[in-house]
Amino acid sequence: MSSAPDPVQSLMDITQRPDAVFVRGDGSWLTDHRGRRHLDFVQGWAVNTLGHCPPQIARALADQAAKLITPSPAFYNEPSLQLAGLLTRHSCFDRVFFCNSGGEANEGAIKLARKWGSLHKGGAYGIITFDDGFHGRTLATMSASGKPGWDKLFEPKVPGFAKAKLNDIASVEALIDSNTVAVMLEPVQGESGVVPSTLDFMRDLHALTRKHGLLLIFDEIQTGMGRSGDLFAYQHYGVEPDIMTLGKGIGGGVPLAALLAKEAVSCFAHGDQGGTFNGNPLMTAVGVAIMQTLLAPGFLDQVRDSGAYLSHRLSGLAAEFGMPGERGLGLLRALKLATPDGARIVEAARLLQPVGLLVNAPRPNLLRFMPALTVTKAEIDRMIELLREALRLVLAPARAA
């Protein structure tokens, strides 16, 4: 096997990375430059819907690359029309705008809501978002986010984002004023530690937005595209938002995202929204392949079954180690730790021999699991074995002390 490249000084230093360089992926597995295999329960932060290098994506890319890569978004192309049709036929939305990242989709949702407010609500532009929410890394989406520590970054922030508390309907109602145009939230807050909205809160929120004539925006960047066990998480809650954003899983590993809206809200004028690569056929052909796979008979049933099994196995592990438990929706789940050792457990799991395990700790006292929707029960069992070993390595010394 090749040795690691020289320290990658050419890359801008924006995050701490281990020295492994991944060179191959197959389903739930990654192989690094040293030949070590890793069981991947991060999957690019819920990006790889069908796992690493699925044949559906490989075929879609190869076939489309031989036909047409991009004609410019000023023209129609067949895959974008096909994908838009699949999305609208299988959702409550009427219009789709394709883009390249979840942050870009959320930026578009903010723009669309403010344009609607300028036309139909006397210029109202305020959007109520939530503490600990995460909507992206553009200036507007960072301003909309409630991520701790971001309130002092890149000042001045974009104004107009009051923060409520998730699952506290009174905190939302208290923020509504004449300048409010919308409420925007993740059905399950991912970066804050996989915190689901309750059914009662979501239904009360929907009723509240109808009462005050506000738009309801669902950020389904992480929960959409089958991750929840339904095609979209709003279907789990039995409410219909006016606007929804998709990213991550819609491209299955390639840069693709989408902004969806109902007809009455789709008020962009020509020139209001665009983007050089938006809706290009190479990426949207992949989106078509992903959608067709998710819509195949029995696929989402299997996701729900796998999600229930992962929940069961994590609950057992929590009981074994005296932890508070687990939570989540579908195949987006978290294990609540009894101590703030998340980062140490992640590192111990990655370094296991001969096989490493990749998990994520968005909070010190929590581990997050985002496996491929195609994960097998045998792979879930293997993950539990590896995680048990990592937990023993990290927690046993503390117990002994």
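Odds and ends about this structure:
- Scope segment 227-269; condition among the charged types (D, E, K, R) and in a loop (DSSP other than H, G, I, E, B); matching residues: Arg227, Asp230, Glu240, Asp242, Lys262
- Test: residue in segment 170-193 that is assigned to a helix (DSSP H, G or I) and either without any contact (Cβ under 8 Å) to a residue 24 or more places away in the chain or touching a Phe, Trp or Tyr at 6+ places or on another chain (Cβ under 6 Å) (or both): yes
- For Ser266, the conditions (1) more than 25 Å from Ala66 (Cβ to Cβ); (2) within 22 Å of the chain's Cα centre (by Cα) are fulfilled apart from (2).
- So Ser311, is it within 30 Å of Gly342 (Cβ to Cβ), modelled with pLDDT of 95 or more and among the polar types (S, T, N, Q): yes
- Taken over segment 304-337, the residue count meeting the criterion of being under 20 Å from Pro196 (Cα atoms) and in contact (Cβ under 8 Å) with a residue 12 or more places away in the chain is 23.
Okay, residues lined up against (1) modelled with pLDDT of 95 or more; (2) within 27 Å of Ser306 (Cα to Cα); (3) in contact with a helix residue (DSSP H, G or I) (Cβ under 7 Å, 6 or more places away or on another chain); (4) surrounded by 18 or more Cβ atoms within 10 Å (Cβ to Cβ):
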| residue | (1), (2), (3), (4) |
| --- | --- |
| Arg34 | no, no, no, no |
| Leu39 | yes, yes, yes, yes |
| Pro54 | yes, yes, no, yes |
| Tyr76 | yes, no, no, no |
| Ala84 | yes, no, no, yes |
| His90 | yes, yes, yes, no |
| Cys99 | yes, no, yes, yes |
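- Just one of the numbered conditions (1) in a loop (DSSP other than H, G, I, E, B); (2) under 15 Å from the mean Cα position of the chain (by Cα) is not true of Phe218: (1).
- Within segment 102-120, residues that are within 20 Å of Gln222 (Cβ to Cβ) sit with their Cβ atoms under 7 Å from residues that are among the basic types (Lys, Arg), at 6+ positions apart or across chains, in these pairs: Gly102/Lys248; Gly103/Arg137.
- Any hit, segment 107-114, residues being surrounded by 14 or more Cβ atoms within 10 Å (Cβ to Cβ), more than 13 Å from Ile243 (Cβ to Cβ) and in the same structural domain as Leu256 (by TED's automatic domain parsing): no
- Residue in segment 147-169 that is part of a helix (DSSP H, G or I), touching a residue at least 40 places away in the same chain (Cβ under 8 Å) and either buried (at least 17 other Cβ atoms within 10 Å of the Cβ) or not basic (Lys, Arg) (or both) present: no
- Residue check for Cys92: at positive phi and not polar (S, T, N, Q): no
- Selected residue (only one of Tyr125, Tyr76 is of a type in the set (Phe, Trp, Tyr) and in contact (Cβ under 8 Å) with a residue 12 or more places away in the chain): Tyr125
- Subset of segment 353-379 [more than 30 Å from Gly149 (Cα to Cα), buried (at least 17 other Cβ atoms within 10 Å of the Cβ) and in contact with a strand residue (DSSP E or B) (Cβ under 9 Å, 6 or more places away or on another chain)]: Gly356, Ala372, Thr374, Val375, Glu379
The values are calculated or read from the model by the stated rules, or taken from the named source; none is laboratory data. Just so it is clear, the model here is predicted, and its values are computed rather than measured. Cβ atoms come from the backbone with ideal geometry, glycine included; neighbour counts cover every protein chain shown.
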